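Comments concern the structure below.
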Amino acid sequence: MTSTLTPSKAPVVRRLGDRVFSGLSTGAGVFILLVLAGVAVFLTVEGIPGILANPDEVKSGKEFLPYVWPLVFGTLLAATLALLMAVPVAIGVALFISHYSPRRLGATLGYLIDLLAAVPSVVYGLWGIQFLAPHMVPLYKWLGDNLSFIPFFEGPPSATGRTIMTASVVLAVMILPIMTAICREIFLQTPRLHEEAALALGATRWEMTRMAVFPYARSGIVSAAMLGLGRALGETLAVAMVLSVTVGTVSANLISSTNPSTIAANIALSFKEASGLSVNALIASGLVLFVITFLVNFAARAIVERRSEFSGAN
């Protein structure tokens, strides 16, 4: 006759510090959700009267959809252009710092990139309007003279340089630090054995990067890009200072003085003079921006989780 001894499970004793930390972490998460819910409720309650308002009662004199559509178009256009310019640069700088540069040079460049994130938006706006815009005028003139058959450069070129393209360059510089920092940390976390195995098989450093580093960091790169996109969508002051706006414009002409505005910049420039239902219309446009940002973050989260599951399955 055999007997099976079942080891008794010792009760898990949680220390006071663990319980306090767990409670604080849970409370912080719940607090963030409550703040987001509060913002969503405020924007919805205050924005609905602006959405349903009679056009004659709103300063724009338009229904809400014709009023907000040019702003949505300008917001997405500027943010997309900024992302297209910033992502390759961020990946290249992060890869150079993590895998190609000497350690001291890489550390110095990393500190400088991180410092760019601390520069206020107004400084970027001043740089854009005082330095970048005038220096972009010759480029716009060349694009208008030689590539006017492309709708993006059909002109006439701006004489001041305050175009949607200039605003996008400023946005690209602004989102570059955070994207570079995230990509750099992800590249540094690539398993060393994967890199050494690729090199041992005769791969060049670039082939090792393409076969070992990029596949491992793909979800992190997507996360960095979406985080930068969220920052570009909500940027206000720098865009408001740089961009020369034509109200109600929907145009993909990147070098002309006729430019669409962005939601955030329009709120900043119009809120002071707004009153009555015009304020509600501006808040409603903020609700639209809130929804766009939420959808972008939701899509990024879904992409990252899907790629993580795919990597785990392999």
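Scanning the stretch 216-257 for residues that are basic (Lys, Arg) and closer than 16 Å to residue 175 by Cβ gives a single hit, 231.
A quick yes/no check of all residues on (1) under 17 Å from the mean Cα position of the chain (by Cα); (2) under 24 Å from residue 300 (Cβ atoms); (3) small (Gly, Ala, Ser):
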residue	(1), (2), (3)
205	no, no, no
217	no, yes, yes
226	yes, yes, no
253	no, no, no
256	no, no, yes
259	no, no, no
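Once the stretch 176-192 is narrowed to residues that are in contact (Cβ under 8 Å) with a residue 12 or more places away in the chain and over 30 Å from residue 121 (Cβ atoms), the residue that is most open to solvent (accessible area, probe 1.4 Å) is 189. Restricting attention to the stretch 107-121, report how many residues are surrounded by 16 or more Cβ atoms within 10 Å (Cβ to Cβ) and farther than 16 Å from residue 182 by Cβ. So the count comes out to 1.
Could you check, for the stretch 276-285, whether at least one of its residues is within 17 Å of residue 81 (Cα to Cα) and over 18 Å from the mean Cα position of the chain (by Cα)?
Step one: of the stretch 276-285, the residues within 17 Å of residue 81 (Cα to Cα) are none.
Within the stretch 276-285 (the criterion being within 17 Å of residue 81 (Cα to Cα) and over 18 Å from the mean Cα position of the chain (by Cα)), the answer is no, since none of the residues qualifies.
In the stretch 61-87, the residues that are under 15 Å from residue 230 (Cβ atoms) and touching a residue at least 60 places away in the same chain (Cβ under 8 Å) reach residues that are part of a loop (DSSP other than H, G, I, E, B) and of a type in the set (Gly, Ala, Ser) with C-beta atoms within less than 9 angstrom, at least six apart or across chains, in these pairs: 75/261. In the condition set (1) touching a residue at least 40 places away in the same chain (Cβ under 8 Å); (2) of a type in the set (D, E, K, R); (3) closer than 30 Å to residue 129 by Cβ, residue 272 is compliant with all but (1).
Within the stretch 193-206, the presence of a residue that is modelled with pLDDT of 85 or more, crowded, with 16+ Cβ neighbours inside 10 Å and among the hydrophobic types (A, V, I, L, M, F, W, C) is excluded. Here 251, 223 are screened, and the one residue that is at pLDDT below 85, crowded, with 17+ Cβ neighbours inside 10 Å and touching a Phe, Trp or Tyr at 6+ places or on another chain (Cβ under 9 Å) is 251. All conditions but one from (1) open to solvent by 30 Å² or more (accessible area, probe 1.4 Å); (2) in contact with a Ser or Thr (Cβ under 9 Å, 6 or more places away or on another chain) apply to residue 49; the one that does not is (2). Counting only residues that are over 15 Å from residue 178 (Cβ atoms) and not in a helix (DSSP H, G or I), the stretch 202-249 holds 11 of them. Residues of the stretch 15-44 that are open to solvent by 90 Å² or more (accessible area, probe 1.4 Å) and closer than 27 Å to residue 247 by Cβ: 42 alone. Among the numbered conditions (1) surrounded by 13 or more Cβ atoms within 10 Å (Cβ to Cβ); (2) in contact with a Ser or Thr (Cβ under 8 Å, 6 or more places away or on another chain), tell me where residue 159 comes up short. Unmet for residue 159, out of (1) surrounded by 13 or more Cβ atoms within 10 Å (Cβ to Cβ); (2) in contact with a Ser or Thr (Cβ under 8 Å, 6 or more places away or on another chain): (1). You will find that of 92, 74, the residue that is surrounded by fewer than 20 Cβ atoms within 10 Å (Cβ to Cβ) and assigned to a helix (DSSP H, G or I) is 92 and no other.
The values are calculated or read from the model by the stated rules, or taken from the named source; none is laboratory data. None of the values given here were measured: they were computed from a predicted structure. All Cβ positions, glycine included, derive from the backbone under ideal geometry; neighbour counts span all protein chains shown. Just the protein is used for accessible areas: all its heavy atoms, side chains included, with ligands, DNA and RNA removed. Shrake-Rupley method; radii C 1.70, N 1.55, O 1.52, S 1.80 Å.
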